[in-house]
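Here is the structure we will look at, set down as structure tokens.
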Amino acid sequence: MKLPDTQVALLNAASATDSKTVAQLSEATGENPEALAGAAFDLEAQGFVAVEERTDDRLALTDEGDRYREAGLPEVRLYRAADAAGATDDPVSMGRVIGDAELEGPTVDIALTNFARKGLGDIEDGALSADPDIDPESDPHAAALAAIADGEEVSDDPVVDRLVERGLVDRSERVERAVTLTDDGVTALMEGVEPAETVGQLTPELLTSGEWEDVEFAEYNVEADAEPASGGRTHILRQTAESVKDTLVGMGFQEMEGPHADADFWINDALFMPQDHPARTHWDRFTLDTEPMADLPTELVARVEDAHRNGVGEDGEGYHSPWSEEFAREVALRGHTTSLSMRYLSGEAVGELEPPQRWFSVEKVYRNDTLDPTHLLEFFQIEGWVMAEDLSVRDLMGTFEEFYSQFGITDIEFKPHYNPYTEPSFELFGTHPKTGEIVEIGNSGIFREEVLRPLGVECDVMAWGLALERLLMLMYGFEDIRDVHGTLCDLDLLRNVEVLA
């Protein structure tokens, strides 16, 4: 009997009494393991060998996991610093504990997030308290990192799963195949097996020489297993953003564009936000160490300042609070994309606009919030506004109902609200499909005269800011937005989640 070289080598190296792995057969024959695996499947199809597959997980520390193994997990370091600062008795300033723990950059967010998730203590109003009953030396995640580094087996699957989610451990599936000769295989060997001259690949040389007509080509087993490959894929959040854009364009809107870092004038002052408002302090916004913005429209700045100081119209009161042009020119990361709306409504972006107009943006904004299942430091805001005569709250509510119905959400609820820049104003809420919890998904209203008059707008403008991530939660049922966004992102979920149209 004639068989391909690799199959002959495998039959001669295999045993009818002892199961041998492909790795062992490769060492014995000098053949490539992948080639031997293919040969094993071919011989199994002919009944000459039996192939047994065993699957197990192989764990290895990532670079980040190795750093934490040596220096300690960020949350454990945070707890130790808090304990040393007396936080087990009374709350201690979060800034002080972070400094004592020598945490910086992204490690701070990782420490705070996992400190709360593990129940090591509480974080409230900028202060941190630690649970006195916690033993930081018995942290199961730290113990698992050490065991994996030493090549030991870790049997606690939830702990391993969490380390994989955090990107501290790589888990790869290893399939081990073992081969055993069957009775037919033994018989074939006894009767004699010879190598057949076969060609596994058609080459340019075979074609040009004409030899391809005389050679015997090896058969291919199309059912043989192949290594899994994970290709690139558009993030589900980006897919949702593009779907939102398509929906709004279909509703007659045009898209706005503008800078992420902008003057406080466009972010807040033009929006009639008082300069002493808590949201304009360093506690809520990210200022940049850069030169103030010089090219602000002088006349518009003067009109906005007058609105802040004296109000608009005969009954206008203004804020009677400090107003500084120097503060207005400071540059910060935008906390909302309404800065784009101010640029467009004022005519600074694309020239003077005549009603009716519909504009939108789906862009990132930045806020100094506390991380939790529904809040991030940077997120996407769906900004939109309509300029027309005689607009009402009914028009605004109808726009939302039409928009959200495109995503299968028909249970929108509205609640009256106060904003410095809209009157009337209301918040939007939706019901989480899994938990039944009422989730805030946006804020909206009709712009006040104090906003519109300085911009030179003489008709009504209704506007809103909606959270793209909250829409994602209502569409897909995610309970913690950090599972799809950021360092704790679940990559397997993103690879396999069904994409909604």
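The values are calculated or read from the model by the stated rules, or taken from the named source; none is laboratory data. A quick note: this is a predicted structure, and the numbers were derived from the prediction, not measured. Here the Cβ is made from the backbone with ideal geometry for all residues, glycine too, and neighbour counts use every protein chain on show.
Quickly run through the range 339-360 and pick out the residues that are in contact with a Leu (Cβ under 9 Å, 6 or more places away or on another chain) and buried (at least 22 other Cβ atoms within 10 Å of the Cβ).
Ser339, Ser341, Met342, Tyr344, Leu345, Trp359, Phe360
Which condition breaks for Gly486 when tested against (1) touching a Gly at 6+ places or on another chain (Cβ under 8 Å); (2) over 22 Å from Met387 (Cα atoms)?
(1) is the only condition that Gly486 fails.
For the range 105-122, name all the residues that are outside any helix (DSSP H, G or I) and modelled with pLDDT of 85 or more.
Lys118, Gly119, Leu120, Gly121, Asp122
What helices (runs of 4 or more DSSP H), lying completely within the range 404-501, carry at least 1 residues that are over 27 Å from Leu340 (Cβ atoms) and in contact (Cβ under 8 Å) with a residue 60 or more places away in the chain?
468-476, 491-496
Conditions first: (1) outside any strand (DSSP E or B); (2) modelled with pLDDT under 90. Glu53 passes all but one, so which condition is the exception?
(1)
Considering only helices (runs of 4 or more DSSP H) fully contained in the range 139-245, which possess at least 1 residues that are of a type in the set (D, E, K, R) and modelled with pLDDT of 80 or more?
Per the criteria, 157-165, 183-191, 204-209.
Could you please let me know if Ala270 is more than 22 Å from Trp464 (Cβ to Cβ), surrounded by 14 or more Cβ atoms within 10 Å (Cβ to Cβ) and either in contact with a helix residue (DSSP H, G or I) (Cβ under 9 Å, 6 or more places away or on another chain) or in the same structural domain as Leu472 (by TED's automatic domain parsing) (or both)?
Here the answer is no, as Ala270 does not meet what is asked.
Looking at this structure, is Ala178 closer than 21 Å to Thr21 by Cα and assigned by TED's automatic domain parsing to the domain that holds Glu211?
Answer is yes for this residue.
Of everything in the range 62-81, what is among the hydrophobic types (A, V, I, L, M, F, W, C) and either modelled with pLDDT under 90 or in contact with a His (Cβ under 9 Å, 6 or more places away or on another chain) (or both)? Give them in sequence order.
Within the range 62-81, Ala71, Leu73, Val76 meet the criteria.
Identify, by number, the condition in (1) touching a strand residue (DSSP E or B) at 6+ places or on another chain (Cβ under 9 Å); (2) modelled with pLDDT of 90 or more that Glu305 doesn't meet.
Condition (1) is where Glu305 drops out.
For Asp284, only one of the following conditions fails: (1) in contact with a helix residue (DSSP H, G or I) (Cβ under 7 Å, 6 or more places away or on another chain); (2) surrounded by 15 or more Cβ atoms within 10 Å (Cβ to Cβ). What is its number?
Unmet for Asp284, out of (1) in contact with a helix residue (DSSP H, G or I) (Cβ under 7 Å, 6 or more places away or on another chain); (2) surrounded by 15 or more Cβ atoms within 10 Å (Cβ to Cβ): (2).
In the range 1-30, which residues are assigned to a loop (DSSP other than H, G, I, E, B) and surrounded by 19 or more Cβ atoms within 10 Å (Cβ to Cβ)?
Scanning the range 1-30 gives a single hit, Ala14.
Give Glu305, Glu325, Glu299, Glu330 a once-over and let me know the one that is exposed (fewer than 14 other Cβ atoms within 10 Å of the Cβ) and on the phi < 0 side of the Ramachandran plot.
Only one candidate passes the filter, namely Glu299.
From the set of residues in the range 149-186 that are surrounded by 12 or more Cβ atoms within 10 Å (Cβ to Cβ) and within 21 Å of Met1 (Cα to Cα), which is nearest to the chain's Cα centre (by Cα)?
Val179
Would it be correct to say that Asp269 is of a type outside the set (A, V, I, L, M, F, W, C) and in contact with a strand residue (DSSP E or B) (Cβ under 9 Å, 6 or more places away or on another chain)?
When the stated conditions are applied, Asp269 passes them.
Between residues in the range 330-357 that are free of Cβ contacts under 8 Å to residues at least 40 places away in the same chain and residues that are buried (at least 19 other Cβ atoms within 10 Å of the Cβ) and assigned to a loop (DSSP other than H, G, I, E, B), which pairs lie under 9 Å by C-beta distance while being six or more apart or on different chains?
Hits for this filter: Val350/Met256; Leu353/Val457.
Pick from Leu493, Leu468, Leu488: which is within 13 Å of Asp372 (Cα to Cα) and within 13 Å of the chain's Cα centre (by Cα)?
Leu488
Touching a Lys or Arg at 6+ places or on another chain (Cβ under 6 Å) and buried (at least 20 other Cβ atoms within 10 Å of the Cβ), is that true of Val365?
yes
Across the range 246-260, what is the total count of residues that are crowded, with 18+ Cβ neighbours inside 10 Å and outside any helix (DSSP H, G or I)?
The total comes to 3.
Identify the residue in the range 434-453 that is more than 20 Å from Ala279 (Cβ to Cβ) and surrounded by 15 or more Cβ atoms within 10 Å (Cβ to Cβ) and, among all such residues, is modelled with the lowest pLDDT.
By that ranking, first place goes to Val439.
Can you tell me which residues in the range 267-314 are of a type outside the set (Ser, Thr, Tyr) and without any contact (Cβ under 8 Å) to a residue 12 or more places away in the chain?
Listed by number, the residues that qualify are Pro278, Asp289, Asp295, Glu299, Ala302, Asn310, Glu314.
Would you call Val331 closer than 21 Å to Asp369 by Cα and modelled with pLDDT of 90 or more?
Here the answer is yes, as Val331 does meet what is asked.
Taking the range 464-501, which residues are closer than 26 Å to Phe253 by Cα and among the basic types (Lys, Arg)?
Arg470
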